[in-house]
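To keep things clear, I will list the structure first and then write my remarks on it.
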Amino acid sequence: MSSIPLLLQNDQILYDALERLGVFSGGPFPSKKRLIWETGLTSSAVTQALERFCQQSILKKESDCVYSVSPKPIYLHYREFRSFGQMIEYADGSIRVDLLFAGPVEADSYTAEILSIPPKETVTSILRLYSRDGVPFAYEEYNLLYPILKNVPKTQFQKVSVLSILQNNLPSHSQGLVQSQYLSMVPSYERDQKYLQLPLGRDILRIIGRIYREERPICSFVIRADADQCALKSQSNLYNPVFGEPFGKKSLFQ
């Protein structure tokens, strides 16, 4: 029996269908009837998957049944989750991780929608910065359901990956966690300039993801990294990947 929640399986089925139909390479967006036929999913399952893709900026809804495509992502489902620190490899230099913030905040509308909670409900927010030999190259921001990590000392977020802390603070009888994430290239903006000291418009590797437990999203995260300074480990560690063209001038997958 698959460990991937049904809603993520549906997302992958729909994504694969859009890939086959050429949507991500400039082809027209198919009708809902065509997507139902291609995927074998119900009408409501297709609608819900399309909504999740819009939430994650894979698609943008222009009007009823009309969607446009964001810059093509690589969409991944993991059998078990990995932190960003576990995904990157370092050819040279020492890596430092600095905790910039950890504490309760009010959920914005986007986070509330992702985590299926009321707007302005309290969530735990964590912001960490990665540097190599003193030069920042990536930062990650997590928003988690507040009760899960409310008793975790702030110092733990400096020493241990957020996802490891999350796993260690769930009930022992609960099902394993499943991560979904996709990668895309986007231009840098003001926040990247602040944390990564990059000029506006520079290529940024953006990773958007969620952590699910028992079908429910309990964490959302965004990682933004200088694409020229970051290499990901072999895709052999990943579960059921769908790979597109390499990003930028060189593949991020070494």
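What are the residues in the range 13-25 that are assigned to a loop (DSSP other than H, G, I, E, B) and touching a helix residue (DSSP H, G or I) at 6+ places or on another chain (Cβ under 9 Å), if any? Spell out the reasoning first.
Looking only at the range 13-25, we keep the residues that are assigned to a loop (DSSP other than H, G, I, E, B), and these are 21-22.
21 - this is the single residue of the range 13-25 that is assigned to a loop (DSSP other than H, G, I, E, B) and touching a helix residue (DSSP H, G or I) at 6+ places or on another chain (Cβ under 9 Å).
For the range 186-202, give me each residue that is open to solvent by 90 Å² or more (accessible area, probe 1.4 Å) and of a type in the set (Asp, Glu).
Within the range 186-202, 190 is the sole residue that qualifies.
Are there any pairs, at least 6 apart or on different chains, whose C-beta atoms fall under 7 Å, with the first in the range 166-181 and open to solvent by less than 20 Å² (accessible area, probe 1.4 Å) and the second among the hydroxyl-bearing types (Ser, Thr, Tyr) and modelled with pLDDT of 75 or more, and if so, which?
Listed by first residue and then by second, the contacts come to 177/212; 178/212.
Would you confirm whether or not the range 26-48 contains a residue that is assigned to a helix (DSSP H, G or I), at pLDDT 85 or above and touching a strand residue (DSSP E or B) at 6+ places or on another chain (Cβ under 9 Å)?
At the first step, the residues of the range 26-48 found to be assigned to a helix (DSSP H, G or I) are 32-39, 43-48.
Next, from what is left, pick out any that are at pLDDT 85 or above: 32-39, 43-48.
Still in the list and also touching a strand residue (DSSP E or B) at 6+ places or on another chain (Cβ under 9 Å): none.
No, the range 26-48 has no match at all.
Looking only at the range 208-220, count every residue that is at pLDDT 90 or above and crowded, with 22+ Cβ neighbours inside 10 Å and tell me the total.
First, the residues of the range 208-220 that are at pLDDT 90 or above: 218-220.
Then keep just the ones that are crowded, with 22+ Cβ neighbours inside 10 Å; that gives 219-220.
The qualifying residues number 2.
So, in the range 13-48, of the ones that are in contact (Cβ under 8 Å) with a residue 60 or more places away in the chain and open to solvent by 10 Å² or more (accessible area, probe 1.4 Å), which residue ends up farthest from residue 215 (Cα to Cα)? Step through it out loud before you land on a result.
Of all residues in the range 13-48, those in contact (Cβ under 8 Å) with a residue 60 or more places away in the chain come to 15-16, 19, 24.
Checking the rest, the ones that are also open to solvent by 10 Å² or more (accessible area, probe 1.4 Å) come to 16, 19, 24.
Numbers: 16: 21, 19: 25, 24: 27 Å.
Only one residue fits best here, namely 24.
Please work out which residue is modelled with the lowest pLDDT, limiting yourself to the range 132-154 and to residues that are in a strand (DSSP E or B) and open to solvent by 10 Å² or more (accessible area, probe 1.4 Å). Talk me through it step by step, then tell me what you get.
Going residue by residue through the range 132-154, those that are in a strand (DSSP E or B) are 132, 135-145.
So of that shortlist, the ones also open to solvent by 10 Å² or more (accessible area, probe 1.4 Å) come out as 132, 135-136, 141, 143, 145.
Details: 132: 82, 135: 88, 136: 91, 141: 94, 143: 95, 145: 94.
Among them, the one singled out is 132.
For the range 49-65, which positions are hydrophobic (A, V, I, L, M, F, W, C) and at pLDDT 80 or above? It would help to see each step written out before you state the result.
Filtering the range 49-65 for residues hydrophobic (A, V, I, L, M, F, W, C) gives 49-50, 53-54, 58-59, 65.
Those that are hydrophobic (A, V, I, L, M, F, W, C) and at pLDDT 80 or above: 49, 50, 53, 54, 58, 59.
Can you spot a residue in the range 49-61 that is outside any helix (DSSP H, G or I), of a type in the set (Lys, Arg) and open to solvent by 60 Å² or more (accessible area, probe 1.4 Å)?
Just the residues of the range 49-61 that are outside any helix (DSSP H, G or I), to begin with: 56-61.
Next, from what is left, pick out any that are of a type in the set (Lys, Arg): 60-61.
From what's left, open to solvent by 60 Å² or more (accessible area, probe 1.4 Å): 60-61.
Yes; the residues of the range 49-61 include at least one that is outside any helix (DSSP H, G or I), of a type in the set (Lys, Arg) and open to solvent by 60 Å² or more (accessible area, probe 1.4 Å).
Go through 126, 117 for me and flag whichever is assigned to a loop (DSSP other than H, G, I, E, B) and at pLDDT 90 or above.
None of the others qualify; the one that does is 117.
The values are calculated or read from the model by the stated rules, or taken from the named source; none is laboratory data. This is a predicted model, so every value here is computed, not measured. We place every Cβ from the backbone using ideal geometry, glycine too, and count neighbours over all the protein chains shown. Side chains included, ligands, DNA and RNA excluded: accessible areas come from the protein's heavy atoms. Shrake-Rupley method; radii C 1.70, N 1.55, O 1.52, S 1.80 Å.
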